[in-house]
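Below: the structure, in structure tokens.
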């Protein structure tokens, strides 16, 4: 009798997990609008949607994109495999913390599309020099490699990058279209 109850519980737990995974994979997320309506006092105006700043909060695994202080959209992200703490040196698999900007945009990448961050900045280079280490480089906001595309949103179940910020390919397509070089990116613990 006890074994039967345990088996029922395990079966129920597996079905619940499967249902959660299906919802997680197929839950529709709104696309960034081409135009947004902003209320200013009693006046409203159409403003072309463009991203003028990005905030990444590492502890919540959230990236928010802004236009003139208004959140346009929030994304769930994956971080470096060792996400706690600021990136100190090459190979530590940490995502940096601090103020950076989009230094470049490229489609010539293994990760679909890439927004290259200005890491290391002056502070990062000085800290690395003081410790006698290489601060590393190549920190990006990017999509998924071809071999991982089929996992889509499931990539978020773990922190798997070497220090970058990863989103799905559909999400990087959306962000890439609306962000320009020099856009500030603040990464917080």
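Please treat every number below as a calculation from the coordinates, not as lab data. Quantities reported herein were computed from a predicted structural model and do not represent experimental measurements. Every residue, glycine among them, receives a Cβ derived from its backbone with ideal geometry; neighbour counts consider all protein chains shown.
Once you put a point 7 Å from the Cα of residue 173 and another 7 Å from the Cα of residue 123, both along the Cβ direction, what distance in nm separates them?
Result for the modelled spin labels: 3.6 nm.
If each residue's Cβ is checked for other Cβ atoms within 10 Å, how do 124, 173 rank with the fewest at the top?
Ascending number of Cβ neighbours within 10 Å: 173, 124.
So for the stretch 82-181, Kirkwood radius off the Cα pairs, Stokes-Einstein at 4 °C and 1.567 mPa s: how many µm² s⁻¹?
Translational diffusion coefficient: 92 µm²/s.
What list do you get for 172, 70, 139 if you sort them by fewest beta carbons within 10 Å?
Details: 172 23, 70 10, 139 27.
Fewest to most other Cβ atoms nearby, the residues stand as 70, 172, 139.
By per-residue mean of other Cβ atoms within 10 Å, what is the highest-first order of 180-189, 101-110?
Values: 180-189: 15.2, 101-110: 13.3.
The densest-packed peptide leads the list: 180-189, 101-110.
Among DSSP beta bridges lying fully in the stretch 51-188, give the percent that are antiparallel, nearest 5.
Antiparallel bridges make up about 75 percent of those DSSP assigns within the stretch 51-188.
Taking 0.36 nm per residue of separation and subtracting the Cα-Cα distance, what length does fully extending residue 50 through residue 160 add?
36.7 nm
Hey, how many Å between the Cα centroid of the stretch 90-121 and the Cα centroid of the stretch 129-189?
Result: 7 Å between the Cα centres.
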